[in-house]
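Below: the structure, in structure tokens.
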Amino acid sequence: MIISVASGKGGTGKTTVATNLAFSLEKDVQILDCDVEEPNAHLFLHPDIKDRMSAFTPVPEIDKEKCTYCKKCSDICRFNAIAVLKDIILTFPELCHSCGGCMEVCPEKAISETGRELGVVERGMAGSVGFVHGRLRIGEAMSPPLIKKVRSFIVDNIVNIIDAPPGTSCPVITAMKKTDYVLMVTEPTPFGLHDLKLAVEAVKILGIPHGLVINRSDIGDNGVKDYAKKEDIPILMEIPFDRKIAEAYSNGKLVVQEMPEWKEEFLALYRKIEKLVGQRR
Amino acid sequence: MKELVVISGKGGTGKTSLTAAFAALSENKILCDADVDAADLHLLMKPDVGIKTDFTGGGIAQIDLSKCIECGLCRDLCRFDAIRENYVVDHIDCEGCGVCVDFCPEKAIAFPIQICGEWYISETRFGPMVHARLGIAEENSGKLVTLIRNETKKLAEQRDLDLIITDGPPGIGCPVIASIGGASAVLIVAEPTVSGLHDMERVARLAAHFKVPAMVCVNKYDLNPGQADAIEKVAEDQKMVVLGRIPFDPIFTEAMIQGKTIHEYKKESETSRIVAGIWNNVISTIQ
């Protein structure tokens, strides 16, 4: 089972839901924090990191002895990552999308690949919860390749919970793709609703079943609920605004640890997801 | 001309509500919404769209099955696993590198340029605004951000405006990098939580990496004054200007529901007064 937790708008409570859900389950579970630009799950789960690896994406390296400056490499590159001027060849590794076209097209076999560091992937355990996250290198623009590295640690036959980045473009699509269920965490405000609608459009393109968690459910208006009803999207959980929850979060504590009565709520949330995914299969 | 970009690292700290408040407080300025992925500023600014333009990104591979001989070369070459067994290209997986297009021995692959969003020049009650909408599940958010920032600058010059206020995206990746490069300053809106502190530090390092001066304000500080202290200490240690603290106040949500800035909604409130003070600090810092 792979559940992704997404939202459209940032700061609605994705990490709160993902970490508390993972911590509440009494079965084999791991959390994969795919918000590699700003990963936060570790701040609440305090995992013991056992394995740390740098992640790289291939970029071209030119052997200037062999290069004849024929420009075939710069012609094929759609990302302007190679420039050839008379007898000068320049590469711009930060623009490279690692497609390998230049290496393939070079008639002199003058291009090999070296790596551009995307960031690091760290793995460990938080109690009985498996933990994987990626941390994008400061200054690196492309998060999807690092998200794919984090996702490569998905394990079959256990519950995998993906904490997705905000938004609706390529990073969140990379995180949500080929998951069994998307849990969308929203807040009942005009901004929350607007971004939720965009996120729902994205999930529909991917064809993944989805449901809502409404966070701070008593602050705002009825827009989100009306929308969910109209679009027939199930509301699986509501979390009211509670200063105790906000304080626990602000100090890096899990809600289910500070307020154990919430554990049953998260277990109920999981059972609903399990049932909805089962019906679909 | 000065350009202020409001960012946060972490999402949901109050970037857009504050940008809107600043719009109401400032003179002779233009607004830019660079959060093209999940733009919200228009919900408060209610822009009258004047000019609407398509945003074209790169191409996407499209295989003409009547010409395809199923040799498999494109599938071997594609590093993004975007070509299915039936030689149909998955639009979401296709990176737009065009390698298959160039190598296909039958020239069976076209590379049509995609329209992947649109951008707008609009008028609002607070002055002109340039904003955009990236298509769902699209790439090229950085390119679109760069485009609308350039258009904002052009328009500011034409109309002789001396300040650009830009609502930035969350995170530290491609659209954020495109939003802050060459700006006069960034304002980082942080929230007093462990994640707010963590994310503020990362985005501050990004601003330093690109040599853009950074200012910090703490929103909802009273939810955890200890964390607010910690954020301000980090900001001071890193030589960032600390602008002030804003309390947690439901007027932000109430004003949002009415599609107003907090100053239009409750000008006399303590929070509105504090935000006005922060704006004065911003202006005196960037001048």
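The values are calculated or read from the model by the stated rules, or taken from the named source; none is laboratory data. Here the structure is a predicted model, which is why all the values come from computation and not from measurement. Reconstructed Cβ throughout: ideal geometry from the backbone, glycine too, with neighbour counts over all protein chains shown.
A quick yes/no check of all residues on (1) within 17 Å of the chain's Cα centre (by Cα); (2) more than 30 Å from B:A82 (Cβ to Cβ); (3) assigned to a helix (DSSP H, G or I):
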residue	(1), (2), (3)
B:V6	yes, yes, no
B:S17	yes, yes, yes
B:A23	yes, yes, yes
B:A38	yes, no, no
So B:K52, is it in the same structural domain as B:V218 (by TED's automatic domain parsing), in contact (Cβ under 8 Å) with a residue 60 or more places away in the chain and surrounded by fewer than 14 Cβ atoms within 10 Å (Cβ to Cβ)
yes
Only one of (1) touching a strand residue (DSSP E or B) at 6+ places or on another chain (Cβ under 8 Å); (2) within 11 Å of chain A (Cβ to nearest Cβ) fails for B:L73. Which number is that?
(1)
Inter-residue pairs, beta-carbon under 7 Å, first within 13 Å of another protein chain (Cβ to nearest Cβ) and in segment A:1-24, second among the basic types (K, R), 6+ apart
A:A6/A:K14; A:S7/A:K14; A:G10/B:K10; A:G11/B:K10
If I filter segment A:164-171 for residues that are more than 9 Å from every other protein chain (Cβ to nearest Cβ) and surrounded by 21 or more Cβ atoms within 10 Å (Cβ to Cβ), do I get at least one hit?
yes
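Return yes when A:G13 is surrounded by fewer than 24 Cβ atoms within 10 Å (Cβ to Cβ) and either on the phi > 0 side of the Ramachandran plot or in contact with a helix residue (DSSP H, G or I) (Cβ under 8 Å, 6 or more places away or on another chain) (or both) and no when it is not. Steps first, answer last, please.
Working: surrounded by fewer than 24 Cβ atoms within 10 Å (Cβ to Cβ): yes; either on the phi > 0 side of the Ramachandran plot or in contact with a helix residue (DSSP H, G or I) (Cβ under 8 Å, 6 or more places away or on another chain) (or both): yes.
So A:G13 passes the test.
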Which fully enclosed helices (runs of 4 or more DSSP H) of segment B:190-285 have 3 or more residues being facing chain A (nearest Cβ under 10 Å) and buried (at least 17 other Cβ atoms within 10 Å of the Cβ)?
B:194-209, B:251-257
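Residues that are in contact with a Ser or Thr (Cβ under 7 Å, 6 or more places away or on another chain) and of a type outside the set (S, T, Y): list the strands (runs of 3 or more DSSP E) wholly contained in segment A:48-145 that include at least 2 such residues.
A:48-62, A:82-85, A:111-126
Please work out if A:V17 is in contact with a strand residue (DSSP E or B) (Cβ under 8 Å, 6 or more places away or on another chain), part of a loop (DSSP other than H, G, I, E, B) and not assigned by TED's automatic domain parsing to the domain that holds A:S112.
Taking the combined requirement at face value, the residue does not satisfy it.
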Does segment A:30-78 hold any residues that are surrounded by fewer than 18 Cβ atoms within 10 Å (Cβ to Cβ) and within 13 Å of another protein chain (Cβ to nearest Cβ), and which are they?
A:H46, A:D75
Flagged in segment B:79-89 as more than 9 Å from every other protein chain (Cβ to nearest Cβ), surrounded by 14 or more Cβ atoms within 10 Å (Cβ to Cβ) and part of a loop (DSSP other than H, G, I, E, B), in numbering order, are B:A82, B:Y87
Within the bounds of segment B:27-40, is there any residue that is within 9 Å of chain A (Cβ to nearest Cβ), over 22 Å from B:A190 (Cβ atoms) and surrounded by fewer than 19 Cβ atoms within 10 Å (Cβ to Cβ)?
no
If I ask for residues that are closer than 24 Å to B:L197 by Cα and among the hydroxyl-bearing types (S, T, Y), which ones from segment B:11-51 would you list?
B:T13, B:T16, B:S17, B:T19
Consider A:A141 carefully, then state whether it is touching a residue at least 12 places away in the same chain (Cβ under 8 Å) and either among the aromatic types (F, W, Y) or more than 9 Å from every other protein chain (Cβ to nearest Cβ) (or both).
no
Against the condition under 28 Å from A:L193 (Cβ atoms), polar (S, T, N, Q) and at pLDDT 95 or above, how does B:T271 come out, does it pass?
yes
Those residues of segment B:58-78 that are under 14 Å from A:G101 (Cβ atoms) and in contact (Cβ under 8 Å) with a residue 12 or more places away in the chain come to a total of 7
Return only the number of the condition from (1) more than 13 Å from every other protein chain (Cβ to nearest Cβ); (2) surrounded by fewer than 22 Cβ atoms within 10 Å (Cβ to Cβ); (3) at negative phi; (4) touching a residue at least 40 places away in the same chain (Cβ under 8 Å) that A:P107 does not satisfy.
(4)
Among the residues of segment A:219-230, is any within 8 Å of chain B (Cβ to nearest Cβ) and hydrophobic (A, V, I, L, M, F, W, C)?
yes
Working carefully through the options A:D226, A:D221, A:D195, find the one that is within 28 Å of B:F252 (Cβ to Cβ), loosely packed, with under 15 Cβ neighbours inside 10 Å and not hydroxyl-bearing (S, T, Y).
A:D226
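Quick grid of which residues meet (1) in contact (Cβ under 8 Å) with a residue 60 or more places away in the chain; (2) basic (K, R); (3) closer than 30 Å to B:L197 by Cα:
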residue	(1), (2), (3)
A:E238	no, no, yes
A:D242	no, no, yes
A:E247	no, no, yes
A:W262	yes, no, yes
A:F266	yes, no, yes
A:E274	yes, no, no
A:G278	no, no, no
